[in-house]
1. So for the chain, taking the charge dipole from beta-carbon charges (+1 Lys/Arg, -1 Asp/Glu), which of Thr230, Ser256, Ala51 sits furthest toward the positive end?
2. If you bin the C-alpha pair distances of segment 214-261 every 5 Å from 0, what whole percents do you get?
3. Which three extents, in angstrom, do the Cα atoms of segment 2-105 have along their principal axes, listed largest first?
4. Based on DSSP H runs of at least 4 residues, each adding -39500 (n - 2.57), what is the mean residue ellipticity at 222 nm of the chain after dividing by all its residues, to the nearest 500 deg cm²/dmol?
5. Which order do Phe181, Phe191 fall in if you start with the one that has the fewest other Cβ atoms within 10 Å?
6. Which longest run of the chain has no exposed loop site in it, a site being GluC sites (Glu not before Pro) in a DSSP loop with at most 12 other beta carbons within 10 Å, and the site itself not part of the run?
7. Return, in residue-number order, each cysteine of the chain whose C-beta is not under 4.7 Å from any other cysteine's C-beta.
8. State, as an integer percentage, the relative contact order of the chain based on alpha-carbon contacts under 8 Å between residues 6 or more apart.
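Readers should treat all values here as calculations from the given coordinates under stated rules, not as data from a laboratory. Predicted, not measured: the structure shown is a model, and the values here were computed from it. Virtual Cβ from ideal backbone geometry, glycine too; neighbours counted across all protein chains shown.
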Amino acid sequence: MRISILGLEDERFIRPLQLIANLFFEESQIVMAVDGTADLQIKFVLRVGEAVSVSAELCDREGAVYFSNYQKELPPDDSDKERFKQVKNAVSHVYLTVLQDFSGITQKWGILTGVRPTKLLHKKIQAGIPMEVAHQQLKADYLITDEKIQLMQQIVDRQLSVVPDLYSLRQEVSIYIGIPFCPTKCAYCTFPAYAINGRQGSVDSFLGGLHYEMRKIGEWLKERGIKITTVYYGGGTPTSITAEEMDLLYEEMYTSFPEVAGIREITVEAGRPDTITPEKLAVLKKWNIDRISINPQSYIQETLKAIGRHHTVEETIDKFHLARSAGMNNINMDLIIGLPGEGVTEFAHTLAETEKLMPESLTVHTLSFKRASEMTKNKDRYRVADRTEVEKMMELAQDWTAAHGYVPYYLYRQKNILGNLENVGYSLPTQESIYNIIIMEELQTIIGLGCGASSKFIDPVSGKITHFANPKDPKSYNDNFEAYTDEKIKILEELFSENGSPA
Ligand code: SF4
């Protein structure tokens, strides 16, 4: 779909308009000029003064015309950046409306294309805006549907009941530890995940660097008297290293990190069932790991094969029982809606299998075509369900979780996600992951250690976010881990000393 945009000069509009077009059409291209080959032409009239007033008129090739207009006051003391954001939202508002009228598709998340919609509601709560007014604003400003506003409210309520001090956690930090190895690489994956076989040398060097980072950051936190709220081991698959290596790593955590006994939650992703052994479970138990993830993704064997997960359905079930009998009493399982070849029947089967296990939490992802994944590069080879079927599967997940006592407690969206839907974390009450809440709502600094680990530094006073990423490949990491550690300590120094944290 080629869309000619007229009446908007500022190039900063191109990206948001393109992102919204992507919600409607598989392939779309925005052209900011008159274009005789365009399928649609959209003419804007934009006026910005004390208020922003904008109209859009869409004409298709058959001569049908759709029209929308919108006006909103602009707060006089807003910064230029904030002002442009308001103007961009107003333009998106009329643009989305004419595209919805033209296509007959309602975008349940309105003009939002970002990853964390619930952050908007948290901000309104923190600003003291009453709930009903906040809901009206979300509907009027962003065109979010009532259904999604209800979901946001339910999630925010749940988060605040699980972490009542969520808005005052900025003086503490959480830690993410990235282990970049997996038994094999899955087709939809863009995480730093290197097939582990034949790489022992690289694993040894990587773990050497990781131990160093843990020691240095731990030392800094101890000196500063800064507490850790949660620790999360992700990757890759953190259980793809040996039981001995895991044992040494957790010992390092206990030795180097401050007050480990007081950390609210330690999670280890044991995502791939083919990595779980009785020895590794004993190590997890020995070091009081609270929560693990064992991820089936699907209970259909052909699907697992098609996406490159070299384990069987039985293995997932067996390893779940093994983990249970080893005393792991908070297990998360990830499922994916819309995997190649799957529709409502296959997903219903996956839910029926889930019912036999009843993990404490269940994360339901919607398949997304991430740019760098094998699946996206060879999109033609993977047949996936259409928008309507994906929505039906999502509804099935909502109904099934509600009927089985799970409540939604976090959500995030991704670009190119099937049906423009979302990923939702469900949990049996009191079993929610605190780390997942913290990372989604961006209310606390998360220090990333290891390969591909992103750090997100949140200024304890202003809330401003600074990103820092360790390299994704073990070689670059091994060559420079000392420098990355120093960089992070420098950023932490600036943030926490400026704000007079307990030094
Ligand atoms: S197990 Fe997870 S991290 Fe590893 S390749 Fe598969 S999706 Fe990627």
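1. Ala51
2. Percent of Cα pairs in each bin: 5, 20, 26, 24, 15, 8, 2.
3. 44, 24, 21
4. Numbers: 15 runs with 208 residues, N = 503.
Per the formula, -13500 deg cm²/dmol.
5. Numbers: Phe181 24, Phe191 18.
Arranged by neighbour count, lowest to highest, Phe181, Phe191 become Phe191, Phe181.
6. On the way: sites that count: Glu9, Glu26, Glu27, Glu50, Glu62, Glu259.
Answer - 260-503.
7. Cys59, Cys182, Cys451
8. Relative contact order, the chain: 15 percent.
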